[in-house]
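Everything on this sheet refers to the single structure shown next.
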Amino acid sequence: MSIHKLSLYELHEKFTVGEVTATEIVRAYGLRIGQVESKVKAYITQAKDAAVAQAGALDASLKVWRKTLPMMGMPLAIKDNICTEGVLTTCASRMLGNFVPPYDATVIAKLRAQGYLLLGKTNLDEFAMGSSTENSAVGPSRNPWNLQCVPGGSSGGSAAAVAADECAAALGSDTGGSIRQPAAFCGVVGLKPTYGRVSRYGLIAFASSLDQIGPITKDVKDSAFLLGAIAGHDPLDSTSADVPVPDYLKALKRKDLKKLKVGVPVEYFSEGLDSEVEQVVRTAIQELKELGGEIKDIQLPRTGAAVAIYYVIATAEASSNLARYDGVKFGLRAKETKDLLDLYMKTRQEGFGPEVKRRIMLGTYVLSAGYYDAYYGKAQAVRTLIRQDFEAAFQDVDLIVTPVTPTPAFKFGAKGDDPLQMYLSDIFTISANLAGVPAIALPCGFSQDGLPIGLQLIGRPFEEETLLRAAYAYEQSTQWRAKKPVIR
Amino acid sequence: MEITKQEVEKVAKLARLELTDSEKAVFAKQLSQILTHVETLKQYDTIGVEPTATVLGQVNVFRPDITRPSLSVERAVANAPESADGFFVVPKIIEDPQPL
C-alpha cells in the first residue's frame with residue numbers, strides 16, 4: 001500500500017480501523033515530499049518535525065483510548081495566507097517574511113481540535129494576488145503535469161501539492177478563482193464555498209467581500225469530507241453565516257443528476273475560449289446529460305463586466321486591507337528612515353512586490369476623491385446586476401456548468417509583462433465570487449499536450465450539496481481521476 | 001483613461017508607497033490600460049440599482065460585551081520589528097519643544 005496515493009477519505013478509513021498509524025502516515029509523506037518537492041516547489045515552509053512529534057503523541061494516546069475524529073492523523077497542507085499558531089505564515093511576501101502568528105485561523109483551530117497533521121504551508125502569489133504563483137516572493141511553484149508550466153494561482157502551491165501527492169489534501173483561498181483555477185491547471189478538485197459558509201477569521205485579508213477558504217483535494221468525496229470539517233458559523237467572523245452544516249458526504253449517495261436542470265451560459269462559450277477546452281467541456285456536458293441532467297442553454301448577460309468589476313472592488317478592498325502593513329506592530333520595517341512618513345513609505349516599498357503595489361495603486365486610485373463614484377460606486381452597482389443575472393438563472397436551473405479557464409496551464413513568463421491579459425484569464429471564475437455563490441472545479445479531460453482541463457459547476461447559495469452530488473456523479477462515471485502526473 | 005506620472009505620484013503618496021522612477025512610468029502605462037478596460041462598465045445602465053457591498057444582506061452583528069481571554073503582552077509584541085518593555089518602539093513623531 002502506497003500511503004501517499006490514497007485519497008484523504010481512504011486514508012481516514014484505514015486510520016480509523018488502525019490499519020495505518022499517524023507515524024506511518026507522516027513517514028510516507030516525508031518520503032514523498034523528499035522525492036518530488038525539489039521539482040514541484042509547492043511548500044514555503046515544511047513542518048515535518050512538528051508533524052512527526054504530533055503523530056507520535058497521537059499514536060500513543062490512541063493506544064490508551066481509541067477514539068478517532070474525521071481529520072485525526074490526516075496530513076494536510078495549508079496555504080500560507082492562513083494563520084497557523086507558532087508556524088511561519090508569510091503570504092509569500094517579504095512584508096511577512098518573519099511573521100509567526102500568535103493564533104490559529106478558525107479553520108485551523110477546527111482541524112487541530114480533530115488532531116490533523118500539518119505538513120507545511122504552501123506557496124501562493126504574494127497576498128493571493130495572481131494566477132500563476134509567479135508573484136511569490138520566494139519564486140514560483142511548478143505544475144506537476146509539466147514543470148515548464150505554471151500551477152495556476154493564487155493557491156498554486158496547494159493545488160500542486162495535492163496533484164503531486166505531497167499531502168492528502170490542502171486548503172486554499174479563493175477571491176476571484178484562486179482555488180478553482182489552480183485546481184483545474186493541476187487536475188485536482190477545488191471548491192469555493194458560498195461566501196459565509198467557512199469562517200475567514202485568521203485568513204490574511206485580501207478582498208473581504210470576496211475571499212473564501214475552501215478545500216483542494218484529490219477527488220470529490222475528499223472535497224465533501226474536508227468541507228464538512230471546516231464549514232460553519234464563527235462568532236469571530238461576523239460575515240460567516242449562521243446556517244446549519246449538512247453532512248456533505250450524504251449528498252454523494254445519489255450517483256446521478258436526475259431531476260437536476262443544468263444551465264449552459266452562452267457567454268462562457270464565446271471568443272477567447274480555447275477550442276480544445278471547449279470540446280472537452282462540451283463532451284463533459286454531454287456526460288452530465290447521460291447521467292440524467294436536463295441541459296438548458298441560459299444567459300448570464302453581464303458576464304463581460306465581471307473582470308472590470310472585480311479589479312475595481314478587489315483592489316479597493318485590498319488597498320484598505322493592506323494599509324495595516326506600516327512597519328510598526330508586525331512584519332517588515334525598513335532601516336535607516338528619517339521620520340515616520342519615511343518609515344511607512346520605505347517599508348511598503350521594500351516589503352511589497354510589483355503586483356501588490358500595482359493593486360494598491362489601482363485600489364487607492366478608484367477610491368480617491370473625484371473617482372470614487374465613477375469607478376468604485378459604478379463597479380458596486382454593476383456587481384448587483386451580476387448577482388441579478390445569477391438569481392434569474394437559478395429560477396430556471398439548479399446548476400450552471402462552464403469551463404474553469406479559457407486555456408490549460410500556460411508556460412512561465414507567458415503573461416508576465418501584461419497584467420491586463422493575466423486578469424482577463426480569470427473571466428470564468430470571477431463571477432461566482434462577485435455573486436457569492438459556491439462553485440467547484442474538477443478534472444474533465446486533457447489537452448493534446450497532456451495538460452488537465454477543468455469543469456466548473458456553479459450552484460445556488462448554500463447548495464454545496466447539489467454541486468458535490470453532480471460533481472461526484474460525473475467523476476464516478478469517468479476515468480479522469482485515475483490519471484496521475486509523472487513528475488520529471 | 002490616461003494616467004500621468006504626476007497622478008501616479010499623488011496616488012502613491014496617498015497609499016504611502018515610495019516608488020522608483022521606472023515603477024512610476026510602468027504603473028502610469030499599466031494603470032491607464034486597466035482603467036480603460038474598467039471604463040467599459042459605463043455601458044451598463046445602473047440608474048436606480050442598489051450597489052452591492054456584501055452579498056449576505058446582513059444587518060449589524062452583535063455580541064455580548066463580556067471580558068474574554070486575550071493575547072498576553074509578550075505574545076502581542078513578539079512579531080514587532082522593535083519593542084521594549086512590552087511596548088512597540090516607533091520613531092519619534094513629536095518634535096522637541098523649542099527652549100523658552
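Every number in this text was worked out from the coordinates using simple rules, so none of it is lab data. What you see is a predicted model; the values in this text were computed from it and never measured. Backbone-built Cβ (ideal geometry, glycine too); neighbour counts: all protein chains shown.
Name the one entry in A:8, A:58 that is more than 30 Å from residue A:152 (Cβ to Cβ) and hydrophobic (A, V, I, L, M, F, W, C). Full working, then the answer.
Numbers: A:8 fails: more than 30 Å from residue A:152 (Cβ to Cβ).
Going through A:8, A:58 in turn, the sole match is A:58.
Scanning segment A:320-330 for residues that are surrounded by 24 or more Cβ atoms within 10 Å (Cβ to Cβ) and at the interface with chain B (Cβ under 7 Å from one of its Cβ atoms) yields one hit, A:327.
To keep it simple, each residue is scored yes or no on (1) over 12 Å from residue A:405 (Cβ atoms); (2) within 14 Å of another protein chain (Cβ to nearest Cβ); (3) of a type outside the set (D, E, K, R); (4) in contact (Cβ under 8 Å) with a residue 40 or more places away in the chain.
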residue	(1), (2), (3), (4)
A:420	yes, yes, yes, no
A:423	yes, yes, yes, yes
A:426	no, yes, no, yes
A:441	no, no, yes, yes
A:445	yes, no, yes, yes
A:461	yes, yes, yes, yes
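Does residue B:47 count as more than 7 Å from chain A (Cβ to nearest Cβ), under 22 Å from the mean Cα position of the chain (by Cα) and either under 28 Å from residue A:305 (Cα atoms) or acidic (Asp, Glu) (or both)? Spelling it out, it is not the case that residue B:47 is more than 7 Å from chain A (Cβ to nearest Cβ), under 22 Å from the mean Cα position of the chain (by Cα) and either under 28 Å from residue A:305 (Cα atoms) or acidic (Asp, Glu) (or both). Can you say whether residue A:485 is in contact with a helix residue (DSSP H, G or I) (Cβ under 7 Å, 6 or more places away or on another chain), over 29 Å from residue A:312 (Cβ atoms) and in a strand (DSSP E or B), as far as the supplied structure shows? Spelling it out, it is not the case that residue A:485 is in contact with a helix residue (DSSP H, G or I) (Cβ under 7 Å, 6 or more places away or on another chain), over 29 Å from residue A:312 (Cβ atoms) and in a strand (DSSP E or B).
Remark: pairs (first residue in segment A:71-97, farther than 19 Å from residue A:205 by Cα; second residue among the polar types (S, T, N, Q) and in a loop (DSSP other than H, G, I, E, B); Cβ separation under 9 Å; 6+ apart in sequence or on different chains) = A:71/A:114; A:72/A:114; A:73/A:21; A:74/A:114.
Candidates in segment A:89-99 are the residues that are more than 11 Å from chain B (Cβ to nearest Cβ) and within 21 Å of the chain's Cα centre (by Cα); of these, the one that is nearest to residue A:133 (Cα to Cα) is A:92.
Have a look at A:415, A:411 and point out the one that is among the basic types (Lys, Arg), touching a residue at least 60 places away in the same chain (Cβ under 8 Å) and either in contact with a helix residue (DSSP H, G or I) (Cβ under 6 Å, 6 or more places away or on another chain) or closer than 15 Å to residue A:285 by Cα (or both).
Working: A:411 fails: either in contact with a helix residue (DSSP H, G or I) (Cβ under 6 Å, 6 or more places away or on another chain) or closer than 15 Å to residue A:285 by Cα (or both).
None of the others qualify; the one that does is A:415.
Restricting attention to segment A:435-454 and to residues that are over 15 Å from residue A:180 (Cα atoms) and not in a loop (DSSP other than H, G, I, E, B), the residue that is nearest to the chain's Cα centre (by Cα) turns out to be A:435.
Confirm whether residue A:199 is surrounded by fewer than 18 Cβ atoms within 10 Å (Cβ to Cβ) and of a type outside the set (A, V, I, L, M). Break it down into steps so the answer makes sense when it comes.
Values: surrounded by fewer than 18 Cβ atoms within 10 Å (Cβ to Cβ): no; of a type outside the set (A, V, I, L, M): yes.
No; evaluated as a whole, the condition is false for this residue.
The set of residues from segment B:48-75 being among the β-branched types (Val, Ile, Thr) and within 21 Å of residue A:303 (Cβ to Cβ) comprises B:49, B:52, B:55. Number of residues in segment B:58-69 that are more than 7 Å from every other protein chain (Cβ to nearest Cβ) and either under 14 Å from residue A:388 (Cα atoms) or among the aliphatic types (A, V, I, L, M) (or both): the value is 2.
Going by the conditions given, is residue B:39 part of a loop (DSSP other than H, G, I, E, B), more than 22 Å from the chain's Cα centre (by Cα) and charged (D, E, K, R)?
Working: part of a loop (DSSP other than H, G, I, E, B): no; more than 22 Å from the chain's Cα centre (by Cα): yes; charged (D, E, K, R): yes.
No.
For residue A:118, are the conditions met, namely being under 26 Å from residue A:445 (Cα atoms) and in a strand (DSSP E or B)? No: the conditions fail for residue A:118.
Only residues that are crowded, with 19+ Cβ neighbours inside 10 Å and more than 7 Å from every other protein chain (Cβ to nearest Cβ): list them for segment A:333-354, please.
First, the residues of segment A:333-354 that are crowded, with 19+ Cβ neighbours inside 10 Å: A:333, A:343-348, A:351-353.
Hits for segment A:333-354 are A:347, A:351, A:352, A:353.
Would you call residue A:282 within 14 Å of chain B (Cβ to nearest Cβ), more than 30 Å from residue A:344 (Cβ to Cβ) and out of contact with any Ser or Thr (no Cβ under 8 Å at 6 or more places or on another chain)? No: the conditions fail for residue A:282.
Pairs linking a residue in segment B:22-44 that is more than 14 Å from residue A:307 (Cα to Cα) and more than 8 Å from chain A (Cβ to nearest Cβ) to a residue that is part of a helix (DSSP H, G or I) and of a type outside the set (Lys, Arg), with Cβ atoms under 6 Å and 6 or more positions apart or on different chains, are B:24/B:8; B:28/B:8.
Hey, does segment B:1-13 have a residue that's surrounded by 14 or more Cβ atoms within 10 Å (Cβ to Cβ), part of a loop (DSSP other than H, G, I, E, B) and touching a helix residue (DSSP H, G or I) at 6+ places or on another chain (Cβ under 7 Å)? Yes, segment B:1-13 contains a residue that is surrounded by 14 or more Cβ atoms within 10 Å (Cβ to Cβ), part of a loop (DSSP other than H, G, I, E, B) and touching a helix residue (DSSP H, G or I) at 6+ places or on another chain (Cβ under 7 Å). Among the residues of this structure, residue A:85 counts as one that is within 14 Å of chain B (Cβ to nearest Cβ), over 25 Å from residue A:13 (Cβ atoms) and either buried (at least 21 other Cβ atoms within 10 Å of the Cβ) or out of contact with any Leu (no Cβ under 8 Å at 6 or more places or on another chain) (or both).
Is there a residue being without any contact (Cβ under 8 Å) to a residue 24 or more places away in the chain and over 23 Å from the mean Cα position of the chain (by Cα) anywhere in segment B:14-21? No: segment B:14-21 contains no residue that is without any contact (Cβ under 8 Å) to a residue 24 or more places away in the chain and over 23 Å from the mean Cα position of the chain (by Cα).
Here segment A:362-408 is the region considered, the condition is being polar (S, T, N, Q), more than 9 Å from every other protein chain (Cβ to nearest Cβ) and in contact (Cβ under 8 Å) with a residue 40 or more places away in the chain, and the residue that is nearest to residue A:293 (Cα to Cα) is A:402.
Out of A:308, A:316, report the one residue that is more than 10 Å from chain B (Cβ to nearest Cβ), in a helix (DSSP H, G or I), within 20 Å of residue B:36 (Cβ to Cβ) and in contact (Cβ under 8 Å) with a residue 24 or more places away in the chain. Working first, answer last.
Working: A:308 fails: more than 10 Å from chain B (Cβ to nearest Cβ).
One residue alone meets the criteria, A:316.
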